[in-house]
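The values are calculated or read from the model by the stated rules, or taken from the named source; none is laboratory data. These numbers come from a predicted model, not from an experiment. Backbone-built Cβ (ideal geometry, glycine too); neighbour counts: all protein chains shown. Remember, those area values only see protein heavy atoms, side chains included, never the ligands or the DNA or RNA. Shrake-Rupley method; radii C 1.70, N 1.55, O 1.52, S 1.80 Å.
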Amino acid sequence: MSAPLLSLRGVSRHYPTQAGVVRALDRVSLDIAPGETLGLVGESGCGKSTVARVAMRLTDVDEGEVRLDGEDIARARGRALHAVRPRVQMVFQDPAASLNPRTTIGQALEAPLIVHRRGNTAERQARVAEVLRSVGLHPDMAVRFPHELSGGQRQRVAIARALMLNPALIVCDEAVSALDVSVRAQVLNLLLDLRETLGIAYLFISHDLAVVRHMSDRIAVMYLGQVVEQGPRDAVWHRTLHPYTRSLMSAAPSAHPANRRLPRVVMEGEQPSPLDPPSGCRFHTRCAHATDQCRASAPALRLLGADHWVRCHLA
Ligand code: SF4
């Protein structure tokens, strides 16, 4: 892997609440290379969105390092933080909610250029037209309002807004989940084309494993605030080592039952609360292979193949 564009090292983020401390992230380490797509999967509440917020520097971290192009941004403030913003942008799940209904598409796209003092009015409008074209929309769209667009067009606008400042990394948090299947395929292909032409890296968060597999170069699997398996896409997909990943993979729908790769592995019970994660291996309360060792000691993330990391005593 080339020098990482984004690197998280031992990042923890805990949120104090009245009921106790929510351990949203616990010593998470991830790397994303320039132009690479890292797919991030796991159940709701596993910490995926907190990773996105950390990558965007929308939240502080309690411990660990967050490096962007080698520069530690975990504790950046003021001007230093303002300089980070254009480099990492985000596409949200619901394009209708992420666009202001009272501003035109052109105004929404121009806003980041104004905030970051890029160009004069004519140059900004030229950039708006250029980026609209790059996402497959006609520049005339600039005068329309979000409610005049289809769901797919709105998500293209959301992608265009993320592109306005020439970011190095775009965080896609369930970016196609709210779209119809046919539109979803078009938006995914657009993201792949943009990666090809502009060299953008993606942190691609989705509960849809088929989509993650289609988009990603590498995959990281999270459970209760920890990365339990990560590695190259084909290694994680075809040589799955962690029981949790195996159960997620086995639950992935297949177009034909005969093509199902793994027999269905049903997890026991509910995901425990991040307020009080189980001792030892956090997955032991739901794992069919749990032993006394699993209940007593927490497994470390171990390297078990070319860049293939697994957090399991028995892997
Ligand atoms: Fe299951 Fe034990 Fe591995 Fe945890 S360490 S995933 S409980 S086998």
Simple SL model, points at 7 angstrom along Cα→Cβ for Ala96 and Ser150; separation in nm is 1.6
quick shape note, the chain: Cα extents on principal axes in Å, largest first -> 68, 49, 41
Semi-axes of the range 1-79 from the Cα gyration tensor (sqrt of 5 times each eigenvalue, largest first, whole Å) come to 22, 16, 10
Taking trypsin sites (Lys or Arg not before Pro) in a DSSP loop with at most 16 other Cβ atoms within 10 angstrom as exposed, one finds the longest site-free stretch of the chain at 145-238
Karplus-derived 3J(HN,Hα) from phi for the range 271-286 (6.51 cos²θ - 1.76 cosθ + 1.60, θ = phi - 60°), whole Hz, x at Gly and Pro, runs 5, x, 6, x, 5, 8, x, x, 6, x, 6, 5, 8, 5, 6, 10
Place a point 7 Å from the Cα of Ala251 in the direction of its beta carbon; the residues of the range 42-71 whose amide N falls under 16 Å from it are 42-48
Under the helix-only model (-39500 (n - 2.57) for each DSSP H run of 4 or more, divided by the residues of the chain), the mean residue ellipticity at 222 nm, to 500 deg cm²/dmol, is -9500 deg cm²/dmol
The extension gain from Ala306 to Glu270, computed as 0.36 nm times the residue separation minus the Cα-Cα distance, is 9.7 nm
Stretched fully, the stretch from Gln18 through Ser279 gains (0.36 nm per residue minus C-alpha distance, one decimal, in nm) 91.8 nm
With all protein chains in place and a 1.4 Å probe, Asp94 shows an accessible area in Å² (nearest 10) of 70
So for R0 = 30 Å, FRET eff. of His82-Ser44 from the Cβ-Cβ r, to 0.05, ends up at 0.40
FRET efficiency (Arg295, Ser29; Cβ distance; R0 25 Å; to 0.05) is 0.50
Connecting every pair of Cα atoms under 10 Å apart in the chain and solving the GNM, the largest mean-square fluctuation among Leu99, Leu132, Leu304 falls on Leu304
